[in-house]
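Novice: My questions all concern the structure below.
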Amino acid sequence: RNVFYPEGEDVALDFISYYPYQAGGISAGDSKLTISVQTNQSKEGNYSASDFLVATKNKVKSSSKDVELKFEHKLTNIKLTITPGKDTDIDKILEDNPQIIATGFCSQAEYDFLENEFTPTGQCYDITPSGEWKEDHGKLVGKEFIIIPQAIGEEQTLQMEWNGRIYT
């Protein structure tokens, strides 16, 4: 006979799923998982490997029906835009390919599934964004990076290197 868990009328289960998969997962009796983002998201695969999604479904009773899980992104995706001044040629900026680095961001944290909160851990690093610049309605767009939600202070900055000058 087919058996669907949990068995019994008054018994229910909570389902929690996350991406990307970690073989170690969460220890029994714990609700926290260590997650991280890649510091060089410009390398192929590192940007998507930095994502973190969670799906939960609570109090699911025994049934032969599938359990539908809807995943939500839990990290912060920052999309960068450069808007040139009146006397600046956007094609020249695009040709120069300005480089952006996000400095001083924690790249590792513990995520608590019960509290839906992040606690940054470890050192802070520079993060190199993914993507390529392209012109869109008089602006440059296309670079972006994923960070762990965290308090932002004076130690975090965005730095742009363009034509030998650094802008913060």
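Novice: Residue by residue through region 63-75, note down the ones that are under 28 Å from the mean Cα position of the chain (by Cα), loosely packed, with under 14 Cβ neighbours inside 10 Å and among the basic types (K, R).
Specialist: Passing the criteria: only K70.
Novice: Restricting to region 33-62, what's the tally of residues that are closer than 30 Å to E9 by Cα and either part of a loop (DSSP other than H, G, I, E, B) or open to solvent by 60 Å² or more (accessible area, probe 1.4 Å) (or both)?
Specialist: Number of matching residues: 6.
The values are calculated or read from the model by the stated rules, or taken from the named source; none is laboratory data. Quick caveat, the model's predicted, so the values are computed rather than measured. Positions of Cβ are generated from backbone atoms using ideal geometry, with glycine treated the same way; all protein chains shown enter the neighbour counts. Heavy atoms of the whole protein, side chains included, go into the accessibility calculation; ligands, DNA and RNA do not. Shrake-Rupley method; radii C 1.70, N 1.55, O 1.52, S 1.80 Å.
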